[in-house]
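The values are calculated or read from the model by the stated rules, or taken from the named source; none is laboratory data. Values in this document were obtained by computation on a predicted structure and should not be read as measured data. Positions of Cβ are generated from backbone atoms using ideal geometry, with glycine treated the same way; all protein chains shown enter the neighbour counts. The accessibility values were calculated without ligands, DNA or RNA, using every heavy atom of the protein model including side chains. Shrake-Rupley method; radii C 1.70, N 1.55, O 1.52, S 1.80 Å.
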Amino acid sequence: MMYLPHIGRRLLACLLATGFSALMGPAWAQAPGDQPLVAPPPTQAAPAAPARIRQIMVEGNQRLEPGTVQSYLLLGPGDVFDPARIDLSLKTLFATGLFADVTIREEDDTLVVTVVENPIINRVIFENNRALKEDKIRDEVEAQPRAIFTRARVQADVQRIVSLYRQAGHFAATVTPKVAEQPQNRVDLIFEISEGPVTNVRRINFVGNLVYSDAELRRIIATKESRWYKFLTSNDNYDPDRLEFDREELRKYYGDKGYADFRVVSSVAELTPDQKDFFITFTIDEGIKYKFGEMTVESQLDALDVKVLEAFVRIKPGALYKNQRIDDSVDSLTFAAGAAGYAFVDVRPQRTRNRDTRTVDVNFIVNEGPRVYVERIDIQGNTQTLDRVIRREIQLVEGDAFNRVLLDRSRNLIRGLGFFKEVNITEKPGSKPDRAIVEVAVEEQPTGELSFGVGFSSVNSFLIDVSITQRNFRGRGQFLRFSVSASSRQQQVDVRFTEPRFLGRNLSAGFEAFNVRSDFIREAGFRTNSLGGSLRIGFPTTASSRLFLRYTVRSDKITAPSVASTDVFGNPVFDSNGNLVTTCTASLQICSQLGRRLTSLVGYTLVWDKRNDPISPTRGFNVSLDQEFAGLGGDVRYVRSSLTADAYRGIIKNFTLSAHLNAGYITGWGGSALRINDRFFKGGLSFRGFGIAGIGPRIVEVVDDGNGGTTDLARSALGGKAFAIGALEMTFPTGLPEQYGIKGALFTEWGTLGLLDSVDKVVADTSRFAVRDNLAIRGSAGVSVFWDSPFGPVRFDFSRIIKSKEYDDITKFRFSQVTRF
């Protein structure tokens, strides 16, 4: 910076006059013959006025307007030339990052600002990147086309790229930035990348482990040793962040095995001289194994009963010490206090280790935490979904007391919408110590689908599907679907619409119209054609339960195979209208129910959902009770009830045990017999190991087995009035990378179906045919493989039958493609 001080002309004149008088002496002031004059008392010269800026001139600017440069200055026309303010202006201009050089100087009454603008980035080019895709690098760096070029930003981007390569195992990677100048003060920014070899993990060693072997501990941590066959994973590359995660995994593992004193002394990664491999060494101190001792609860809140709180601590003295059990107890106590009205509660466990008895006493101290209120709720990332669709699922509003339990519940409700890939709720300090800002960050996922699908399954053979579905219609959370699907067994046209907030209230309402044709000739000897529609509403009854009401009207037509009737001479017979007379060739049960019937019914579904996550639950349960009453007009009268219950429990990471129960009962009333299409049919997707309508009552042909006995050959399935099916399932990871979307499950299913009315057990030829109806238990076990393929979710079931009847339809392998994209 150049600054030239200014001396006023008036001050210069005074100084010159004073100096000249001193040189000439007193004679200069008195002429000859004049009277002596008394010199006047000396007077002090008036201070000169400070110089002021008349105008500001900007030089060297190319893209920026002079006014833009002047806006960063701390002085303007009319201000005094102040060196301090000029210096601050200079620093402010440099801080903008717009300029490579700036000088400020004074020329007379003009302040001249000379700038050299930083160039604009024309293109960002990455060269020689093979291990990492360009999109991944581009998302990480800050340099973008049309951005300002600065050396500091470029160096920061170099460090980011090097960090990315180190995470990918390339510790020898180097990045050299280069600049290619272009016209109009533009540059092409080029990052030349030398990736170097992949630095793998050659060996992982543990020092100090006496209880668990090196091999067992290697299975716990995320970092793996490099092997030639591990080409599908990157966990065998050295990553410092992953190493820190491994330390925490070891602490959790030992902490849940009773080793309360466990600690990781050090974790050292040594690079080989050729910079190709790492040797990782964990030095640990296991300590001794503990059990839980005395469990106590102290509460500083008078309204909370300590005895009640102790019931939420589900730890028994003498049990093996586990850190996770303590964390679960803290969550339970926090939830109990929140349910009692204490939104601000602080639960702190105090552990007392008794090395002599090898026990750990835990005292849970419950105090009232600082009172914090919600100042503001910010929603980010919703590019399509309206804010109000998300806000109505949040259980808090601005001004409410901050409550972590309600926020966790809100996250599950938002995830349950199915509109977002990720949902994260965090809190930040507000404008005051007792205020908090809640941030809801969502990542939208596609909710609309235009589907033209062709598929195949062992259940329905070929599948053709054309559908238009929008689960978030107009971003308002509305559901709209129109579909046409066809398979060898079923053809369906369906239109459905649901408004989740009818009339602006927490009330869902919708309608459905459908036409379904089903072919069960092979399984049961009949076809159906159902045409109808329904209206439904739903509303919450509690925080975790909802009630849905519906009215349905449909017309059902049952048909069966038939042959033309003939007279004694073999000629076809026609009725009086000229129509060919046919004779039903199906069973008596089917032939007696041919024709069209109108069904008018009302029903309800009560859902009680206590799962910890609506998408991938690891704790909790879900219960659904469904009942239908047919007979409000129409030709059919029955009462149908069904119950579905699911329970989930996470065992270890990515292993979840679940139990499922499905049961139902239907009966006619008012003397009305049940039609076959209203009964329950089970098998296929509803009972693995058996085919569609594979279990339950069936017409069989009794034949001689050649050994003096008889055997039953299955004919037509008749369905049943009652059923119950239970299943246990353990889902587990397959070991393949998560992005492949493949997981497995071990299962076992047991159930029964039956209980026909006596009229439905009649057969025409009792010497050849019979109806088998006994509530015999069936059972199966096997493995299911689920693949979230690019074409839609695919499921493979491999089953082994444990218990069945000889006339059951058994399917040991089934492939199904439930949804096609």
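Could you sort 492-499, 395-402 so that the peptide with the highest average Cβ count within 10 Å comes first and the rest follow in order? Mind dumping the intermediate values first?
Numbers: 492-499: 16.4, 395-402: 14.4.
Final packing ranking: 492-499, 395-402.
Ignoring ligands, DNA and RNA, what accessible area per residue does segment 155-194 give at 1.4 Å, in Å²? Walk me through the numbers on the way to the answer.
Values: 1880 Å² over 40 residues.
Result: 47 Å² per residue.
Return one whole number: the accessible area per residue of segment 204-355 in Å², for a 1.4 Å probe.
Heavy-atom SASA per residue in segment 204-355 reads 55 Å².
Would you calculate the separation in nanometres between label points at Ala152 and Asp302, each defined as 7 Å from the Cα along the Cα-to-beta-carbon direction?
5.8 nm
If you average the C-alpha positions of segment 765-790 and of segment 717-744 separately, how far apart do those two centres end up, in angstrom?
16 Å
Quick one: if the Förster radius is 56 Å, what FRET efficiency do Glu294 and Val639 give, using the C-beta to C-beta distance and rounding to 0.05?
Values: r = 55 Å, r/R0 = 0.98.
The formula returns an efficiency of 0.55 here.
Give me the distance in nm between label points sitting 7 Å out from Cα along the Cα-to-Cβ direction at Thr281 and Ser767, one decimal.
Label-label distance for Thr281 and Ser767, simple model: 9.2 nm.
Go through 321-327, 57-63 and give me the packing order, highest mean Cβ count within 10 Å leading. If you can, show how the numbers build up before the last one.
Working: 321-327: 17.6, 57-63: 14.1.
Descending mean neighbour count gives 321-327, 57-63.
To the nearest Å, what is the center-to-center distance of segment 60-93 and segment 615-643, using C-alpha atoms only?
76 Å
At a 1.4 Å probe, what is the % contribution of carbon and sulfur to the accessible area of segment 105-246?
48 percent
Loop only per DSSP, at most 15 neighbouring Cβ atoms within 10 Å: give me the GluC sites (Glu not before Pro) in segment 102-184, ordered by residue number. Can you show the working numbers first?
Working: sites: Glu106, Glu107, Glu117, Glu127, Glu134, Glu140, Glu142, Glu181; in loops: Glu142.
Sites meeting the loop and neighbour criteria: Glu142.
How big is the accessible area of Asp356 in square angstrom, nearest 10, if you roll a 1.4 angstrom probe over the protein chains?
The accessible area of Asp356 comes to roughly 150 Å².
Give me the distance in nm between label points sitting 7 Å out from Cα along the Cα-to-Cβ direction at Gln445 and Asn354, one decimal.
For Gln445 paired with Asn354, the spin-label model returns 5.0 nm.
Take the Cβ-Cβ distance between Phe539 and Phe815 as r, set R0 to 35 Å, and report the resulting FRET efficiency rounded to the nearest 0.05.
Values: r = 40 Å, r/R0 = 1.14.
Efficiency, from the Cβ-Cβ distance: 0.30.
In debye to the nearest 20, how big a dipole does segment 586-670 give about its Cα centre with +1 on each Lys and Arg Cβ and -1 on each Asp and Glu Cβ?
Values: 9 positive and 6 negative charges, 30 e Å.
My answer is approximately 140 debye.
Quick one: order Val80, Val442 from most to least accessible surface, probe 1.4 Å. If you can, show how the numbers build up before the last one.
Values: Val80 50, Val442 15 Å².
Result, largest first: Val80, Val442.
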